[in-house]
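Working notes for the structure below.
The values are calculated or read from the model by the stated rules, or taken from the named source; none is laboratory data. Small disclaimer: the values here were computed from a predicted structure and weren't measured. Positions of Cβ are backbone-derived with ideal geometry, glycine not excepted, and every protein chain shown enters the neighbour counts.
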Amino acid sequence: MENTIVFRKGDESLILKERAEALAKPLDDNIVKGDIEILKFTLSNEIYAFETKYVKEVLVLNELVQLPFTPDFVKGIISVRGEIISVLDIKKFFNLQSGGITDLNRVIILRLNEMTFGVLADRILDVDNISSNDLHTTLLNSNSILEEYIIGVTSDRNIVLNGFKFLTENKIIVSDEL
Amino acid sequence: MINKKIKVLIVEDSILFVTILKEILVKNNHFEICGIVKNGLAATEFVSKMRPDVITMDINMPVMNGYDATREIMSTNPTPIIILSANIDETDINDTFKALEAGAVAIIEKPSACDSPDFHLYEKRLVQLVRLMSEVKVVRRIDYKNRRREYISRSFFSDTEISNNIEVIGIGASTGGPVVIEKILAGLPKDFSFPIVIVQHISKGFTKGLVEWLNHSSAIPVKLAENNETITKGVCYVAPDDAHLGIIKNTLMLSDSKPLYNMRPSVGFLFASLANNYGNKALGILLTGMGRDGSEELKALRDTGAITIAQDKESSVIFGMPGEAIKLNGASFIYTPDKIINFLEGLNTTKNK
Amino acid sequence: MDENFLKRLIETFKIEAEEHYNNLANGLITLEKVKPGESCFELVETLHREAHSLKGAARAVSFTDIEDVCKSLESLFSAVKKDALALSKNVFALAFMGVDLIKEMIYLNPVEIEDDTKLLSDTFSLKVWELLNLSENETSAPPEKTFTTNGDAAVNENNIPAYLELNGNSDFTSAQSIPNKEQITTHSSKDIQLQENIRISVQKLDSLYLQAEELLSSKLAMEQFSKDLQELSASINSIKLELNKSQSALRRNKYLVERQNEFTDSFGRFSEVIISIDNRLKVLTKSSVENTRKTGIAVTELMDSVKDIIMFKFSHLLDLFPKAVHDLSSELGKDVDFVMSGTDIQIDRRILEGMKDPLIHIIRNAIDHGFEPSEERVSNGKSPKGNLSICIKHAENRKVEIKISDDGKGIDIEKLKHSAVKKGLISLEKSNELSEDDAMPLLFVSGTTTKKIITDISGYGLGMAIVKEKVDKLSGTINIKTKPLVGTEITITLPITLTMLRGLVVQCSDRQFVIPSNYINNVNRVSASNVKRVENKSTIILNDVPVTLLYLCDILGIKKHKTTEDSSFVKIVVITFFDKLIAFAVSDILEEIELLIKPLNKQLARIKNISGATILGNGKIVPVLNIPDLIKTTEKSFGKTTDLTLQTNESARDILVVDDSITSRMLLQDILETAGYNVKSASDGMNALKIIKESHFDLIVSDIEMPLMNGFQFTKLVKSMDNLKDVPVVLVTALSRDEDKIKGMDAGANAYIVKSDFEQSNLLEVISRLLQ
């Protein structure tokens, strides 16, 4: 269940078709079957990824309803087949500058057991297999908070995010007491 | 081509076990679960309206337990019944064997440790048992106790030479065996002066229970055979779980050599040991059971000059083993259980004269 | 066996195990009540069988710990059955011990069972073995049969450990849709029914319900669609009319006579198209209306059926109570007789689930504080055993009433008032003015939250506030009647289903929100000129009563768009809460809807002022406001509107709380906020300094033992800074030694309060004094 990626709306059918064609291509002998399967997406011209085992589905963002009294990074809520799910802007969570034009019209629904929420993305790229050897943990001039949430960076400069950390981190939970 | 699926009725009050049984049976394409009921009474009513091919019956249930249900069903709408017994305490075991007495055709232990890697072995056994039992033709049980015993003419036993010669009696049985063995042991005179060695095919874990159960009604003491034990006359030894039983120079030997005819203990092993070490000093009796275990070996025993008996077709729950032996001409006599008792009585009287 | 199946199997086992456990527990309790001379064979037989069955089931899923306990229990019951063992107090205690062990183990996987429990289990097996092997030789003990639940004696004999404590937070996730104890006792079943009752997992039920709700949305969407179609039809109609008019106008106009044919043709074609569209539209509209009607009926029926499934009998929850009362009574050393009635009444499963903790809490209170010791009762002319009862009955308006009564010593109103004054909730003068009935609400007002970390501080402290909050959340009401020495009666009224809610959709600038209708008194429109402003509070007169007016947009932090709002009138929604009236001004009032409140996902564990969201017929998601929260929020910012006036009425002062313990921080924050202060908190001295630099504070409350920088260092630092040295610092700490107090004074603290006598000391009084 956690590994399926479901595309919802009609205009996704193109992507679906591309995907089907890609999957139908025989595996290149040179491609080594990797340890991790990731879903790649863009966020202001950078490529990020989550391990597909935490991705429940991917949707087109339709209507996002804002909620008062929520921190900056909670953009609002959407309904997914009747279930209310919050949508987060991870860049805001890390206090990164959102440079560049962002479409932010895709939502990646992450889930682990009972915890679930959506993450905004610009474009969904594709699913890839990478080997854990390919992940380097050094790098980004950085923001130490962001580093905690990264599993590593691939040689293609794709930033693989730590889905597990996101889904189990207390900081991400909004819990206001009166 | 698989024709119709085997219709199974599950009688079980625990949802947990129903779930497990369903999973095992449904996975296998041969079966169709035509009903699930929670107690013996519902089972009897179900059977009177629909005819399942085989029934799996729990023993311990409220309202009406498995033993009573078996009795009821076997006397009104006889159907092959497999008892699924928890086999962990006295009452259960008693009821389990009583159910056999009442006509159930087989018993198997309830599944345990479903998470163990060996579980698939249990699944295989269960599936096989259900399949095989579904084909057994069962007849309406009449209360045995009321039947009159048949007698054979006395003249048959005038041959003292034979009876003086016999040092050991070996009995082998499979499906339907326990009840016949119980009958035989109960019908023996108390001063029976021969040792009896028995190999009874039975599901894992039930041998001890079998021995206890037999002891309730047997005229002579029944015990589990132990390695290196010297056999004594007037005592009955039953082969334990998972070991072949042989006898040499009046000493019991347990062997873990590979299964014969897929069985261990194997009747054939016992009979072969008798043929090799006793020849015509042994008496071999092959009772009801499926398969061929012991059939050839009975013939081999007969060939050494020993007297051999095979159970007759009509009284056998499954005529496989005895039938095969008869086909091979391995049986000196073909007897009903009553006649077997008679024969043994006669032997005893002659010996003690 | 594949993993998924194994998981399912274990789930099934847990459901079955729970049932066996219930039967064992209830069976034992009934057995205890059997009088000497009465036959109890069947009961023992049943107990034996239950233990046996559970043993077998546990074996199948390799839950060996449970299997072992059952083995012992089984032998115990077997011995009793055979009359080899007499039913003595000892035997009951042992049996209960085993049953409790089972309860403890059911919800854990075998690897999760702690060593303590295993040790206890071994002790249990040993004791049973001893009993069984020794009792055969015992000839002197006479068989005793009856037992009253006189827990104290049984507990101490033979060092059998005390009953395991009732865990109020235990999982209530497995559910049977209908209890099937009845199945076991029926003796005949004329028809063949494969299964009269089935078990449904809670997830399936919820999923079904969600789907039915989606259908409801669809139904509403269809209705909207039909309406749209009809409007479209009407538009087409008006085009047709225009066309006709133009056609006739054309014919009359002589100048265009030459081109008339062309126009006529053109018009003719145009007409045809329009007419054909019109016709098709009519057909579509007709079929849409018809479909909507049919779907509407089907959906309503489905919703009713599903709602029906969601209804559980109270017994589903209350069946656990006799045992719980039994355990609690023994634990607390009280002698209690417990009766229940009306447990067959059905209610929404979710409401039932929500009431579990509150009811347990109330029962605990009654047993702990309500009931006097037996001797005292007798000397007051009461029966030695306390009488506790829960009665359920239907109330009007599709509501259900739960009445919990005890004949204990009642609630001491004076003590209650006294405690409220101490906590700074109410002034001494005011408390003297309060009548008994009016003082009741004080039980609930403690300013606490739903966090379970904070448990009873003193008797009726925070617990009841949590109860009230839960009841509020379920849209219920709670009422307490008490008479000293006579007893207490708590009445809780709840709606039968959660979905009986209706809500009002209001517009706040460009956003929409829903206000649950049960809080709405009425909806109105007042002219802007009637709004009076006093300081920063607005009031309007409604029915000759001044009512506080608050602007919802402001409270929710939404920027107002001045566009189309009619500024001469103010649209208001008047809220009733706790006998208070508050008016909320909104941009627009839209519609009243049937409200299905959907919970937010786990990432939004709790948001201030929001209880969830709902999905309108047009698919739009609208947040649902949490009115009690909102009131609290506004009271903090705008001062209370209650009759219980505060000590500090001026504009709110700002206090900084510094403490590394979350619990302490929250506790302090609650107490201070309820008293009307604005509170910010920091988890240690460093953070506190950061915050102080950014904002102004009138007073600082600090703990002493903190990492990085302790309270003494912090105070010294604060007092050394020019801009802060005048800010009073109150040290609140667990350190009670004199030398620590001196250290505190040396550091410059203005007050030093020891945590252990926290409630007794007047933190608020001290603060108020310092701020003057």
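Might you check whether a residue that is assigned by TED's automatic domain parsing to the domain that holds B:Val11, under 19 Å from the mean Cα position of the chain (by Cα) and crowded, with 20+ Cβ neighbours inside 10 Å occurs anywhere in the stretch B:117-125?
no
Here are the criteria: (1) crowded, with 17+ Cβ neighbours inside 10 Å; (2) among the acidic types (Asp, Glu); (3) assigned to a loop (DSSP other than H, G, I, E, B). Tell me which single one B:Asp191 does not satisfy.
That leaves (1) as the condition not met.
Enumerate the strands (runs of 3 or more DSSP E) found wholly within the stretch A:89-157, keeping only those where 2 or more residues are within 14 Å of chain C (Cβ to nearest Cβ) and either over 16 Å from the mean Cα position of the chain (by Cα) or at pLDDT 85 or above (or both).
Where strands (runs of 3 or more DSSP E) fall fully within the stretch A:89-157 and carry at least 2 residues being within 14 Å of chain C (Cβ to nearest Cβ) and either over 16 Å from the mean Cα position of the chain (by Cα) or at pLDDT 85 or above (or both), they are A:106-112, A:115-121.
Search the stretch B:213-228 for residues being assigned to a loop (DSSP other than H, G, I, E, B) and in contact with a Lys or Arg (Cβ under 9 Å, 6 or more places away or on another chain), and hand back the single one that is surrounded by the most Cβ atoms within 10 Å (Cβ to Cβ).
B:Ile220
Which pairs do you get when a residue that is outside any helix (DSSP H, G or I), found in the stretch C:428-446, comes within reach of a residue that is of a type outside the set (Asp, Glu) and modelled with pLDDT of 70 or more, reach meaning Cβ atoms under 6 angstrom, with the pair 6+ apart or on two chains?
C:Phe444/C:Met464; C:Phe444/C:Ala465; C:Phe444/C:Lys468; C:Ser446/C:Ala465
Within the stretch C:9-37, how many residues are basic (Lys, Arg) and surrounded by 14 or more Cβ atoms within 10 Å (Cβ to Cβ)?
1
Out of the residues in the stretch C:29-55 meeting the condition of being of a type in the set (A, V, I, L, M, F, W, C) and touching a Cys at 6+ places or on another chain (Cβ under 8 Å), tell me which one is farthest from the other protein chains (Cβ to nearest Cβ).
C:Val34
Please report, ordered by residue number, the strands (runs of 3 or more DSSP E) entirely within the stretch C:579-632 with at least 1 residues that are at the interface with another protein chain (Cβ under 7 Å from one of its Cβ atoms) and crowded, with 18+ Cβ neighbours inside 10 Å.
In the stretch C:579-632, C:610-615, C:621-625 are the strands (runs of 3 or more DSSP E) which contain 1 or more residues that are at the interface with another protein chain (Cβ under 7 Å from one of its Cβ atoms) and crowded, with 18+ Cβ neighbours inside 10 Å.
Could we say that C:Glu42 is part of a helix (DSSP H, G or I) and acidic (Asp, Glu) here?
yes
Would the stretch C:283-305 turn up any residue that is closer than 30 Å to C:Leu359 by Cα, exposed (fewer than 15 other Cβ atoms within 10 Å of the Cβ) and either in the same structural domain as C:Pro373 (by TED's automatic domain parsing) or not basic (Lys, Arg) (or both)?
Yes, the stretch C:283-305 contains at least one residue that is closer than 30 Å to C:Leu359 by Cα, exposed (fewer than 15 other Cβ atoms within 10 Å of the Cβ) and either in the same structural domain as C:Pro373 (by TED's automatic domain parsing) or not basic (Lys, Arg) (or both).
If B:Lys22 meets every condition in (1) surrounded by fewer than 23 Cβ atoms within 10 Å (Cβ to Cβ); (2) touching a residue at least 40 places away in the same chain (Cβ under 8 Å) apart from one, which number is that one?
So the condition that B:Lys22 fails would be (2).
Out of (1) among the hydrophobic types (A, V, I, L, M, F, W, C); (2) in a helix (DSSP H, G or I); (3) buried (at least 21 other Cβ atoms within 10 Å of the Cβ), what's the single condition that is false for C:Leu85?
With (1) among the hydrophobic types (A, V, I, L, M, F, W, C); (2) in a helix (DSSP H, G or I); (3) buried (at least 21 other Cβ atoms within 10 Å of the Cβ) applied to C:Leu85, the lone miss is (2).
Name the residue that is farthest from C:Glu401 (Cα to Cα), counting only residues in the stretch C:438-472 that are at pLDDT 75 or above and in contact with a strand residue (DSSP E or B) (Cβ under 9 Å, 6 or more places away or on another chain).
For the stretch C:438-472, the residue satisfying everything is C:Met464.
Given C:Asn26, C:Asn4, which one is without any contact (Cβ under 8 Å) to a residue 12 or more places away in the chain, more than 9 Å from every other protein chain (Cβ to nearest Cβ) and part of a helix (DSSP H, G or I)?
The conditions single out C:Asn4.
Can you work out which of the residues in the stretch C:492-513 that are out of contact with any Asp or Glu (no Cβ under 6 Å at 6 or more places or on another chain), β-branched (Val, Ile, Thr) and closer than 27 Å to C:Pro441 by Cβ is surrounded by the most Cβ atoms within 10 Å (Cβ to Cβ)?
Among them, the one singled out is C:Ile492.
Yes/no matrix, rows are residues, columns are (1) in the same structural domain as B:Leu16 (by TED's automatic domain parsing); (2) within 15 Å of B:Ser14 (Cβ to Cβ); (3) touching a Leu at 6+ places or on another chain (Cβ under 8 Å); (4) not aromatic (Phe, Trp, Tyr):
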residue: B:Ala43; (1), (2), (3), (4): yes, yes, yes, yes
residue: B:Val54; (1), (2), (3), (4): yes, no, yes, yes
residue: B:Asn60; (1), (2), (3), (4): yes, yes, no, yes
residue: B:Ile81; (1), (2), (3), (4): yes, no, no, yes
residue: B:Ala86; (1), (2), (3), (4): yes, yes, no, yes
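Working carefully through the options B:Val130, B:Val138, find the one that is at pLDDT 80 or above and surrounded by 14 or more Cβ atoms within 10 Å (Cβ to Cβ).
Only one candidate qualifies: B:Val130.
Within the stretch C:739-755, take every residue that is of a type outside the set (A, V, I, L, M, F, W, C), over 44 Å from the mean Cα position of the chain (by Cα) and in a helix (DSSP H, G or I) and give me the one that is surrounded by the fewest Cβ atoms within 10 Å (Cβ to Cβ).
Result: C:Glu739.
Inspect all residues belonging to the stretch C:340-348 and state whether any of them is touching a helix residue (DSSP H, G or I) at 6+ places or on another chain (Cβ under 7 Å), closer than 30 Å to C:Ile392 by Cα and surrounded by fewer than 15 Cβ atoms within 10 Å (Cβ to Cβ).
yes
Since C:Ile572 meets every condition but one in (1) away from chain A (no Cβ under 14 Å); (2) touching a residue at least 24 places away in the same chain (Cβ under 8 Å); (3) over 19 Å from C:Arg502 (Cβ atoms), which condition does it not meet?
C:Ile572 satisfies every listed condition except (3).
Those residues that are away from chain C (no Cβ under 12 Å) and within 28 Å of C:Leu556 (Cβ to Cβ), I need them from the stretch A:44-74; list them, please.
A:Leu59, A:Leu61, A:Asp72, listed by residue number.
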